[in-house]
Structures are given as C-alpha cells and as structure tokens.
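First up is the structure itself, then whatever we jot down about it.
The values are calculated or read from the model by the stated rules, or taken from the named source; none is laboratory data. This one's a predicted model, so the numbers in the text were calculated from it and none came from an experiment. Because the Cβ atoms are built from the backbone with ideal geometry, glycine has one as well, and the counts that use them run over all protein chains shown. What goes into the accessible areas is simple: the full protein's heavy atoms, side chains included, and nothing from ligands, DNA or RNA. Shrake-Rupley method; radii C 1.70, N 1.55, O 1.52, S 1.80 Å.
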Amino acid sequence: MFAEIKGLNEECGVFAIWGHKDAAHLTYYGLHSLQHRGQEGAGIVVTDGEQLKVHKGLGLVNDVFSPNDFSALSGHGAIGHVRYATAGGGGFANVQPLLFRSQTGSLAIAHNGNLVNANSMKHQLEGQGSIFQSTSDTEVVAHLIKRSGFNKLEDQLRNSLEMLKGAYALAVLNEKQLMVALDPNGLRPLSIGRLGDAYVVASETCAFDLIGATYEREVEPGELIIIDDEGLRSTRFSGSATRAICSMEYVYFARPDSNVDEINVHTARKSLGKQLAIEAPVEADVVTGVPDSSISAAIGYAEQTGIPYELGMIKNRYVGRTFIQPSQELREQGVKMKLSAVRGVVEGKRVVMIDDSIVRGTTSRRIVNMLRDAGAKEVHVRISSPPIKNPCFYGIDTSNSGELIAANHSLEEMREMMGADSLEFLSTEGLKKGIGRSDTTSNCGQCLACFTGEYPTEIYPDTLHPYAKV
C-alpha cells in the first residue's frame with residue numbers, strides 16, 4: 001500500500017513487549033511488520049527496570065534505526081510506534097513513543113487512534129497551567145496522568161482513560177510496568193500474544209508471526225491490562241459499550257495475513273469481492289485488482305463470476321514515498337512509476353478493475369486512463385466498500401467531507417469523472433455480510449461512520465484539530 005496512490009492513510013501502529021532480554025530488537029522487527037500503518041516516523045522506548053531509554057526519528061523503520069543504536073537500548077520491556085501524521089501534523093516532536101520524565105519517574109506512551117475531545121481537554125489543561133511540547137493529542141494522556149492525584153500509575157491511567165473520548169489503543173511504559181488499554185468502543189485493533197515467558201502486544205497479529213509469538217487473545221474494549229514481572233492482570237476502566245471496530249481495517253488498512261478480532265483479513269476481503277460480484281456483476285473478459293490491498297477482493301470477484309483473474313497491474317516496489325511531483329504532468333508520471341498496466345493482459349479486453357475504496361477519485365481516474373492507454377477496450381470499476389461520504393475523526397486522514405468525492409457527486413458524475421464505462425460500490429449491508437462478524441448488533445460490531453454518518457461516539461465541535469490535514 002502506498003500513500004500517494006491510495007490517498008487514504010491511518011495514524012499508526014503500536015507494538016509492545018515485556019519479559020524478554022532482546023526487547024528492543026524484537027520491537028524493531030515488530031515495527032517492520034507494522035510499517036504499512038505509518039511511514040513518517042518510528043520510535044522505541046526500552047526499560048531495564050531502572051530507567052527508560054529512547055531512540056526515534058523521522059522516516060521508515062530502516063531509516064530510523066541502525067545496528068549501533070541497539071547497544072544503548074538494553075532492557076526487558078519496550079514499546080514501539082510507527083506513525084502516519086493526521087491529528088497534530090508531522091514533525092519530530094510528534095514522533096512516538098512520547099517520553100516524559102519527572103521526579104517521580106519516567107513515562108512513555110504510544111497511541112493508535114484519535115481523541116475527539118483532545119482540543120477541549122488541551123484548553124482545560126492549559127488553563128490549569130499545562131504546557132504542551134507537541135501538537136499530538138497523545139500528550140493529553142500524559143498531562144491527565146500527572147494531574148490525576150493518585151499515587152499508582154495504574155490508578156492514574158484508569159482515571160485518565162475515563163476522561164478520554166474517541167479511538168485509542170494505548171501502550172504505556174514506565175520503569176517497572178507495561179500497561180495497554182483499548183477505548184470502550186474498540187475502534188482500533190489490539191492483540192496480546194506470548195513469546196515463551198514474554199508478553200507481546202501489537203496492533204496486528206502479523207507482528208506475532210514475524211517474531212515467532214503465539215496469539216493469545218484480543219484486548220477487550222474498555223479493558224486495561226497491567227503487565228509486570230509478576231505476570232498479567234486485567235481490569236476495566238469502562239463499562240460495556242457497543243463494539244465498533246473500524247471497518248476499513250478489513251477493507252484496506254490491515255495486512256492480509258493479519259487476523260483482526262479473530263477474522264482473517266484476506267478471507268474477509270475475498271468475501272467482500274464475492275459479495276460485490278453478487279451485487280454488481282458485469283460482462284467482461286478479465287478481472288484485475290489494484291495492488292496490494294484490492295487483490296484479495298479481485299480474486300473473490302473473479303471466483304464468484306467465473307471471469308478469469310489476471311495480474312493486470314504491477315506495483316513498482318522500489319519507488320520512494322518522497323518522489324517530487326511539482327506539476328500535474330509529473331504527478332501523472334508519478335502514478336505510472338508506481339503502477340504499470342500489463343498490456344499483454346488488458347489489451348483488447350473488457351476489464352473489471354477492483355479497488356477497495358475511493359476517497360478523492362483522482363487516483364482512480366489515473367488508473368482507468370492507464371488501463372485504456374494499455375489497450376483496454378472497456379474499464380468497469382467495482383469498489384469493495386460503500387461510498388465514503390463522511391469524514392473520519394478517529395485517526396484516518398479524511399477529516400473534511402469537502403475532499404470526499406462521494407460526498408459531493410452522484411454515482412454517474414463520479415463515473416464520468418473517472419472515465420469508466422461503469423462504476424458500482426458494495427452496499428453497507430453487503431459490507432457487513434462480507435466481513436462476516438458474528439456480532440448481532442445493527443452495526444455488526446463495526447464502525448460504519450464514513451459510510452453512514454452514524455458515529456459511535458459524541459463528536460465535539462472542535463474535533464477537527466487546527467493542525468489536521470484537510
């Protein structure tokens with residue numbers, strides 16, 4: 001997945017481990033497996049039982065860490081983070097984990113998600129004398145912890161979590177403990193695993209596979225887990241709420257080899273493709289998917305229709321994310337550098353192009369044009385999710401409905417803008433059926449807000465952060 005092509009990005013990925021002598025190295029590998037969740041910064045904080053040590057920087061995990069860095073990161077507990085900047089914007093100050101030092105001990109925080117009441121909390125805290133060092137909403141958590149009035153970190157954190165609204169999968173580390181928590185709606189994924197006697201926590205289970213850890217269970221919504229040398233304890237900071245895990249984790253964000261809330265992502269995407277074929281069939285010669293996240297859905301669509309699946313587009317994996325695009329002409333060329341149509345597959349053919357989502361529509365138009373330039377006789381666009389008509393305030397960079405093509409144009413207008421012969425989206429009911437969650441609630445335990453406009457939490461008037469990308 002690549003940000004310039006897809007135009008849809010999530011905030012970050014979190015990894016944590018406790019009870020392993022190579023905690024920093026394993027966190028490094030865990031962050032590698034979560035690199036798709038954020039490419040703008042990475043960091044690791046380690047504890048040796050006496051002090052916290054940090055190394056972080058801007059760029060990819062490989063760019064931030066070198067072999068020499070790990071000699072200063074000895075310890076048995078660690079948290080790590082990969083970041084994509086949404087709320088708070090970019091810059092080194094916002095690279096996580098955020099590390100705070102005080103006379104009573106140090107504290108590090110890694111956060112996946114977005115707090116919808118962050119701005120109101122910042123105004124309140126600043127009125128009480130707090131001074132913020134970053135524009136990240138994650139820093140709010142640290143200030144709430146220090147102002148809680150409790151002595152134990154567990155009580156401080158629980159009290160702070162009760163005041164937070166929105167999406168958060170948190171990992172908090174001090175010298176003696178690792179704590180993890182998930183918001184009451186479970187908007188973001190977070191899992192627990194074991195590696196020998198060590199405990200591992202990650203945004204996606206693919207991180208467990210890479211380091212040889214075994215999946216244990218999901219962190220439950222509203223659950224606070226405390227891990228230290230005595231083992232793991234579970235408590236709750238919130239009562240039950242309607243589960244609302246982000247549907248886009250299944251559609252786009254998570255890696256196909258991950259299980260999100262015990263549902264395999266590849267299997268879910270393939271099922272979405274089959275459901276899409278039932279709802280929006282078309283006569284064609286070949287089915288192809290936009291690499292990488294749409295390939296599973298394309299396979300499902302092909303299997304359901306009987307139309308052959310072919311590799312009609314190739315992704316160039318050696319083009320950097322910072323390719324300079326100073327003009328529209330060069331932007332078009334940038335897309336061609338990242339994606340290439342396979343002329344031998346699409347030339348003279350009626351092509352079904354499967355994509356997982358459409359945000360702004362510009363990329364879809366370029367891909368349709370690319371397939372036509374390669375000789376495709378017809379291009380039929382099928383999207384394995386419903387139209388994204390509403391902004392996300394929970395950590396995805398679509399916080400302004402003005403940039404969403406489906407919020408401002410009809411289906412026919414979108415088809416004309418893309419230059420496609422036909423365009424169809426999966427229905428919301430088809431999405432719920434395709435993912436196949438057993439949850440019996442009306443939303444099937446998923447957040448559908450970007451499709452339906454029904455948000456699982458209160459949305460505050462100042463939710464749109466002044467530094468957010470719009």
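Structure notes:
- Residue within the range 238-251 that is crowded, with 24+ Cβ neighbours inside 10 Å and within 30 Å of residue 344 (Cα to Cα) present: yes
- Residue check for residue 273: among the small types (Gly, Ala, Ser) and modelled with pLDDT of 95 or more: yes
- Count - residues of the range 343-401 that are open to solvent by less than 30 Å² (accessible area, probe 1.4 Å) and among the polar types (S, T, N, Q): 7
- The residues of the range 403-439 that are without any contact (Cβ under 8 Å) to a residue 24 or more places away in the chain and in contact with a Cys (Cβ under 8 Å, 6 or more places away or on another chain) amount to a single one, 432.
- Among the candidates 431, 404, residue that is farther than 17 Å from residue 287 by Cβ, open to solvent by less than 10 Å² (accessible area, probe 1.4 Å) and modelled with pLDDT under 95: 404
- Scan of the range 124-160 for residues that are assigned to a loop (DSSP other than H, G, I, E, B) and buried (at least 24 other Cβ atoms within 10 Å of the Cβ), ordered by number: 136, 137
- Matching strands (runs of 3 or more DSSP E) fully within the range 173-223 where at least 1 residues are among the β-branched types (Val, Ile, Thr) and open to solvent by 10 Å² or more (accessible area, probe 1.4 Å): 214-218
- Residue in the range 430-450 that is among the hydroxyl-bearing types (Ser, Thr, Tyr) and not in a loop (DSSP other than H, G, I, E, B) present: no
- Test result for residue 324, modelled with pLDDT of 90 or more and not hydroxyl-bearing (Ser, Thr, Tyr): no
- Residue check for residue 410: out of contact with any strand residue (DSSP E or B) (no Cβ under 7 Å at 6 or more places or on another chain), modelled with pLDDT of 95 or more, open to solvent by 50 Å² or more (accessible area, probe 1.4 Å) and among the polar types (S, T, N, Q): yes
- Cβ-Cβ under 6 Å pairs, at least 6 apart or on other chains, the range 56-68 side in contact (Cβ under 8 Å) with a residue 12 or more places away in the chain and of a type outside the set (Val, Ile, Thr), far side surrounded by 15 or more Cβ atoms within 10 Å (Cβ to Cβ) and in a helix (DSSP H, G or I): 57/64; 65/28
- Residues that are buried (at least 16 other Cβ atoms within 10 Å of the Cβ) and outside any strand (DSSP E or B), drawn from the range 109-123: 116, 117, 118, 119, 120, 121, 122
- Residue that is farthest from residue 206 (Cα to Cα), among those in the range 24-65 that are open to solvent by less than 10 Å² (accessible area, probe 1.4 Å) and in a helix (DSSP H, G or I): 24
- Taken as a whole, the condition of being among the hydrophobic types (A, V, I, L, M, F, W, C), over 17 Å from the mean Cα position of the chain (by Cα) and part of a strand (DSSP E or B) does not apply to residue 163.
- Residue within the range 309-316 that is surrounded by fewer than 20 Cβ atoms within 10 Å (Cβ to Cβ), modelled with pLDDT of 95 or more, touching a helix residue (DSSP H, G or I) at 6+ places or on another chain (Cβ under 7 Å) and assigned to a loop (DSSP other than H, G, I, E, B) present: yes
- Annotation note: Cβ proximity below 6 Å between a residue of the range 349-372 that is of a type in the set (Ser, Thr, Tyr) and a residue that is surrounded by fewer than 21 Cβ atoms within 10 Å (Cβ to Cβ) (sequence gap 6+ or interchain) occurs for 363/5; 363/7.
- Of the listed requirements (1) within 13 Å of residue 435 (Cα to Cα); (2) surrounded by fewer than 24 Cβ atoms within 10 Å (Cβ to Cβ), residue 276 misses just one: (2).
- Yes/no for residue 106 being surrounded by fewer than 20 Cβ atoms within 10 Å (Cβ to Cβ), assigned to a helix (DSSP H, G or I) and in contact (Cβ under 8 Å) with a residue 60 or more places away in the chain: no
- Qualifying residue in the range 213-226 (condition: modelled with pLDDT of 95 or more, of a type in the set (Asp, Glu) and under 20 Å from residue 444 (Cβ atoms)): yes
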